[in-house]
Amino acid sequence: MIDLYYWPTPNGHKIPIMLEETGLAYNVVPVNMLKGDQFAPDFLAISPNNKIPAIVDHDSADGRPLAIFESGAILQYLAEKTGQFMPKETRPRYEVLQWLTFQVAAVGPMFGQCGHFLGYAPERIPYAIDRYQKETLKLYAVMDKRLGDVDYLAGEYSIADMATFPWVKVRWLHEIEIDEFPNVKRWYEQVAARPAVQRGCALLEDEMKIGDPDEEARDALFGNQQHEKR
Ligand SMILES: N[C@@H](CCC(=O)N[C@@H](CS)C(=O)NCC(=O)O)C(=O)O
């Protein structure tokens, strides 16, 4: 059994999508980041940067519980564990790994900052909004070009698509018009039609209060707690 430390956010959704795609058994451990659960010592022992998602695999290859944080590492681990959604041969494997890394290193951070400065910053900072919106649009253009040549980011459907899809799903946060990126739109609709993707994104969806954080949530997500030394 795999324990999934989770909250229904774009980074969170990636892992239940993969768990649903592969049919691995899992147990959801909600980490309510709006209430500061991510700072609990037990969770920090698994995820030292106080972020979901994380997993503990109680059926790892060496028989000891294996804890992993960072969505890219978790997706890669689950792909290796199951032999699914990431080929073993060098060339197609690195197609997957480069687009997975593109998601975790570029799409996630840039879209995240774009959403932050558009929707959550206490003051409107035009320079920051302009910079991160332009970065976001540029990354959409990169994906659109790629998806004009291939069906899925790495050619075949893979963990790279599972990592990227939830961030395109919340494009309203970034004020993106998907019609301007027809290949991304085609890909998005194809991925969205997968039952496992729908189940993964539906997990605890009623708890998702994105867009309207109260005082307690603001403090947990953007306040001093974030920057305390632990
Ligand atoms: N690079 C990390 C990013 C994870 C991340 O940013 N998680 C957010 C939710 S989308 C989180 O846990 N935020 C809570 C916090 O920072 O306190 C990954 O890909 O797993």
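Just so it is clear, none of the values below were taken in a lab; they were calculated from the coordinates. The structure displayed is predicted, hence computed values, not measured ones. Neighbour counts run over all protein chains shown; Cβ positions are idealised from the backbone, glycine included.
Assorted remarks:
- Its alpha carbons considered, the chain gives a radius of gyration followed by a Dmax of 17.5, 52 Å.
- Working ranking of peptides 104-111, 73-80 by packing, defined as the average number of other Cβ atoms within 10 Å per residue, highest first, is 73-80, 104-111.
- Extended-chain gain in nm, criterion 0.36 nm per residue less alpha-carbon gap, K81 and D219: 45.9 nm
- Chain lengthening between L66 and Q198 when straightened (0.36 nm per residue, less Cα-Cα): 44.8 nm
- When both region 132-167 and region 69-95 are represented by their alpha-carbon centers, they are found 17 Å apart.
- Using the Karplus relation 6.51 cos²θ - 1.76 cosθ + 1.60 with θ = phi - 60°, the per-residue 3J(HN,Hα) values for region 140-153 come to 4, 5, 4, 5, 5, 5, 4, 6, x, 9, 9, 6, 10, 3 Hz, with x marking Gly and Pro.
- Exceeding the 32 Å Cα-Cα cut-off - candidates K51/K169; K169/K229; K88/K169; K138/K229; K14/K145: K169/K229; K138/K229
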